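Before any comments, here is the structure.
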Amino acid sequence: MAEEARGNGRSDMTPATPEAPQQLILNAQYIKDLSFENPRAPQSLIQQTAQPSVDINVDVKAQNLGPDVFEVVLTINATARSQEEPVFLVELAYGTVVTVKNTPQEMLSPLILVETPRIVFPFARAIIANATRDGGFPPLMINPIDFAELLRRQQANAQVAAPPGNPVL
């Protein structure tokens, strides 16, 4: 048997409004700084007898540009050496402007310092590979980076460096 509707169709219970989803919007990506040095050219290109060792350093920094808007800069430094002599040096600061919406404060740091660099890393990696190839060397293909572990290390180092009584956020 069908139920009879009475009144204007409204019930006494207010419907549950769905919570707005968290959003991470990439507004812009850009090369903030790019440097490639081949200090021993042309000898470094002619006299390659062994594979050079490559040291790679990665850093992520962020700054607030306005309400819910942040600039995130992924910096990658790579130095190739052969027998302690520099073969090439490449440095890239790759920036992105992101908007973060509907995000609790405790999730802000992982979104900005882990997810954002994870998303833009392939672009930065391609720029580094092209710069080394255009510099006369095989393309430097950087392995994927665990940005969550990088954040944990930075936070641990900040805790050690902080004076007692001053918690690090």
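The values are calculated or read from the model by the stated rules, or taken from the named source; none is laboratory data. What you see is a predicted model; the values in this text were computed from it and never measured. Quick reminder, even Gly has a Cβ in these numbers, built from the backbone with ideal geometry, and neighbours come from all protein chains shown.
Checked against the criterion of being in contact with a Gly (Cβ under 7 Å, 6 or more places away or on another chain), closer than 22 Å to Y30 by Cα and either basic (K, R) or surrounded by 15 or more Cβ atoms within 10 Å (Cβ to Cβ) (or both), the candidates E71, E115 yield just one match: E71. Taking first residues from the stretch 53-66 that are closer than 18 Å to E149 by Cβ and partners that are among the aromatic types (F, W, Y) and modelled with pLDDT of 95 or more, the Cβ contacts under 7 Å between residues at least 6 apart in sequence or on separate chains come to A62/F70. Within the stretch 100-111, does at least one residue satisfy the condition of being touching a residue at least 24 places away in the same chain (Cβ under 8 Å), hydrophobic (A, V, I, L, M, F, W, C) and under 22 Å from L34 (Cα atoms)? The answer is no; no qualifying residue exists. Restricting A41, A80, A93 to those that are in contact (Cβ under 8 Å) with a residue 24 or more places away in the chain and part of a loop (DSSP other than H, G, I, E, B) reduces the list to A41.
In summary, Q83 fulfils each of the numbered conditions (1) at pLDDT below 95; (2) within 11 Å of the chain's Cα centre (by Cα) with the single exception of condition (2).
Within the stretch 125-151, residues that are farther than 30 Å from I46 by Cα reach partners that are in a helix (DSSP H, G or I) and among the charged types (D, E, K, R) with beta carbons closer than 7 Å, at six or more positions or on different chains, in the pairs F147/R118.
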